[in-house]
1. Consider segment B:185-196. How many of its residues are surrounded by fewer than 22 Cβ atoms within 10 Å (Cβ to Cβ) and either in contact with a Phe, Trp or Tyr (Cβ under 7 Å, 6 or more places away or on another chain) or more than 14 Å from every other protein chain (Cβ to nearest Cβ) (or both)?
2. Based on this model, can you work out whether B:Ala370 counts as touching a Pro at 6+ places or on another chain (Cβ under 8 Å), on the phi < 0 side of the Ramachandran plot and either surrounded by 17 or more Cβ atoms within 10 Å (Cβ to Cβ) or in a loop (DSSP other than H, G, I, E, B) (or both)?
3. Which number in (1) under 21 Å from B:Leu337 (Cβ atoms); (2) free of Cβ contacts under 8 Å to residues at least 40 places away in the same chain marks the one condition that B:Glu39 misses?
4. Which is of a type outside the set (A, V, I, L, M), at pLDDT below 95 and in contact with a Ser or Thr (Cβ under 8 Å, 6 or more places away or on another chain), of B:Thr123, B:Thr141?
5. Which one is surrounded by the most Cβ atoms within 10 Å (Cβ to Cβ), of the residues in segment A:168-202 that are over 15 Å from the mean Cα position of the chain (by Cα) and of a type in the set (Gly, Ala, Ser)?
6. Report, by residue number, each residue of segment B:158-179 that is in contact with a Leu (Cβ under 6 Å, 6 or more places away or on another chain) and in contact (Cβ under 8 Å) with a residue 60 or more places away in the chain.
7. Considering B:Asp105, B:Asp178, B:Asp99, B:Asp142, which residue is of a type in the set (Asp, Glu) and under 30 Å from B:Phe276 (Cα atoms)?
Amino acid sequence: MNFTDIQFDNKGRLRHFLTIEDIPRDTLIQILDTAESFISFGQREIRKAPLLRGKTVVNLFFEPSTRTRTTFEIAAKRLSADVINLDAKRMSTIKGETLLDTVSTIEAMKTDMFVVRDAASGSAFLIAQHVSPEVRIINAGDGRHAHPTQAMLDMFTIRQYKKEFADLSVAIVGDILHSRVARSQIHALKILGVKDIRVVGPKTLIPTAIEKLGASSYHRLETGIENVDVVMMLRLQLERMEGQLIPSEQEYFHLYGLTEEKLKLAKDDVIVMHPGPMNRGLEIASSVADGEHSVILAQVTNGIAIRMSVMATIMGGSR
Amino acid sequence: MSDHPKIAIKSGRLVDPKNQIDAATDLFIAESNIIAIGEMPDGFDPDITIDASEKIVCPGLVDLRARMREPGLEKKATIKSETLAAVKGGITTIICPPDTKPVIDTPAMAQMLQQRAWQTGRTFIHPLGALTQGLKGEKLTDMWALANSGCVGMSNALSPITNSLVMRRAMQYASTFDIPVFLHSQDPWLTGNGVVHEGFVSTELGLPSVPEAAETVGVARDLALIETTGATAHLCQLSSGRAISMLAEAQDKGVKVTADVTAHHLHLSEHDVGLFNTLCHVQPPLRGKQDRRALRDALKNGVITAICSDHQPHGNDAKLLPFSESEPGISGLETLLSLTLKLVEENELSLTQAIGLITAGPADIAGIDAGHLSVNARADVCIFDPVQEWVVTSDSLVSRGKNTPFMNQRFKNKVTATIIGGEIVYTA
């Protein structure tokens, strides 16, 4: 079995959105194009389309999140779906209700789509394997594995500013090891044709086999972002210091914090992205986050259109 | 094992690696022992005659590591359920690690386990005693008393002994009484909460990883202590090529150390984890293809002398969880023979080599009189059909644990009869 078997139905239509991996380029482009048509929605007086009318979408978040959950909720409501938010705590032992028990309980209430976030890699995949065939799953982040809608909104944002993917140089900076965002970004960039994908960070934060995913690793920010078109910063979880992955905030910012000074090494028209929430002064200087190259707020806006597009695409497959 | 019929096993291909026999011949059993090979003794009148033509007759298998889950986890499996699975797999002797609940760290526990095995089980079961009390890595157990209560060795099971001084003392003390120590050598800090090999799959799936160094660092320390204490030691379930090289080097120097490998590590690699397949969640993790190559080579050149099932039966719920939360282990009793002999089909081993690795090899490591077909030896025999195929399914598995990544696979070498102590305990 591969991701294609589970993500696509037997007619080749996308039915779950769990990972970017193994999704053909055309499908990704189609998601971006559909999102384009939804982008004007935000400006309209009546911001609703009837595509998901009568459908029930459950935001099942086992990990706290404000922005991702909110954008999914807005996206579903703009498509006229009924939305239920469940911020669930999960027992990882057999004593408590298991993940699949929780899901099947809610599924029994005749829901159509789950948007799932969980701290364990593979959770969304596990759920997708066990729900009934008409139920759709969107992965809103599973452990360190994947966060495909984030990657798609990043691709959408890149396309807004850069048009063609093929000739771009893109640097992803920070804690690659623990980042589901970075893994999904690498898959998306690769499928869309970007040849120069770089990951930048100390060896403690770069997974051992990253080259096999199609990225080249850099350990100095200065060389890593040299002449790149896009810099994608990652959030550094502060608890990483306890695991001795980095020695201190000061040293990290000194070496890997994105400052105006260092950004000059990139192309003149470089764009700077961040999935949020940011640690200002740790991975990114405020002057860069709020500066002329930053497209961070555009990412948030685009997040709604992308999630509408993904929801419409996978629900469309059921009709 | 009550009545002892006279049994004649006729026309089989008898393969007994310990006695270097590979010949078409007959085997005669009476009073629970093998009484003759080849010529039928004068006046022998068999109660039962087994036609073993087209079949292979070999010593009953000795499994160096299998968990019965009893006592403590009877909801998963019991001695009764798992020994039934064992005999279906041709296994007649099982060595159990001490990590039952409670831990086998007193003579009373060791005796209780053997008594239960005697009452409800179908196979011989030899426990290992705990090296330290409660497997906590702090205080030594009464090893001499444990050994005198039937424990064939002492083990730390999967609980690392982090204090190297305690480990050194444990080895010194055990070697005083020639008690072998069975070690799972792992550095717990490097293992951390890892669930897969650190490599491609951990990178791709974003799963917490166990670097190869978790094993090599543990093995390096333990080899240094084995060499200097003179302990007789056995390294359990090596998984990496580098650890094998270190072991081979120590053996060349004359250090008394042996090792085993699990059947699944010989056939699977990290890539079989695929898309979060929790059935491939094992400890130590499945490693790279070059490691699997090194493990197979170590069998060929005799660095590793036993293949074990590392049987760990689970209920379905233990595997229906996100990968990192699922419980490690494979239900392996019934696939041990077929997986081992698959290495013959794949031209890795000769038939004699392969059978030796699941009979005389593990018996020698455990220091027990089993795993051979000598005249006057206890009649523990496995008869299998090298051609007949069988498919692993939930129904075909007798074990309560259906947790195997080999589910739905087709194998050759189906066991047709198992004899323990002269009694037929299983026929297909």
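1. Of the residues in segment B:185-196, the ones surrounded by fewer than 22 Cβ atoms within 10 Å (Cβ to Cβ) are B:187-190, B:192-194.
Still in the running and either in contact with a Phe, Trp or Tyr (Cβ under 7 Å, 6 or more places away or on another chain) or more than 14 Å from every other protein chain (Cβ to nearest Cβ) (or both): B:187-188.
Total meeting the criteria: 2.
2. Numbers: touching a Pro at 6+ places or on another chain (Cβ under 8 Å): yes; on the phi < 0 side of the Ramachandran plot: yes; either surrounded by 17 or more Cβ atoms within 10 Å (Cβ to Cβ) or in a loop (DSSP other than H, G, I, E, B) (or both): yes.
Answer is yes for this residue.
3. Every condition holds for B:Glu39 apart from (1).
4. Values: B:Thr141 fails: at pLDDT below 95.
Sole residue among the options that is of a type outside the set (A, V, I, L, M), at pLDDT below 95 and in contact with a Ser or Thr (Cβ under 8 Å, 6 or more places away or on another chain): B:Thr123.
5. Applying the filter and picking the extreme gives A:Gly174.
6. B:Ser159, B:Arg168, B:Met171 - these are the residues of segment B:158-179 that are in contact with a Leu (Cβ under 6 Å, 6 or more places away or on another chain) and in contact (Cβ under 8 Å) with a residue 60 or more places away in the chain.
7. Working: B:Asp105 fails: under 30 Å from B:Phe276 (Cα atoms); B:Asp178 fails: under 30 Å from B:Phe276 (Cα atoms); B:Asp142 fails: under 30 Å from B:Phe276 (Cα atoms).
Only one candidate qualifies: B:Asp99.
Here's the yes/no breakdown for (1) of a type in the set (A, V, I, L, M, F, W, C); (2) closer than 23 Å to B:Ala354 by Cα; (3) surrounded by 20 or more Cβ atoms within 10 Å (Cβ to Cβ):
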residue: B:Ile244; (1), (2), (3): yes, yes, yes
residue: B:Leu247; (1), (2), (3): yes, yes, yes
residue: B:Ala250; (1), (2), (3): yes, no, yes
residue: B:Lys289; (1), (2), (3): no, yes, no
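The values are calculated or read from the model by the stated rules, or taken from the named source; none is laboratory data. None of these values were measured; they are calculated from a predicted model. In this analysis, Cβ positions are derived from the backbone assuming ideal geometry, glycine residues included, and neighbour counts consider all displayed protein chains.
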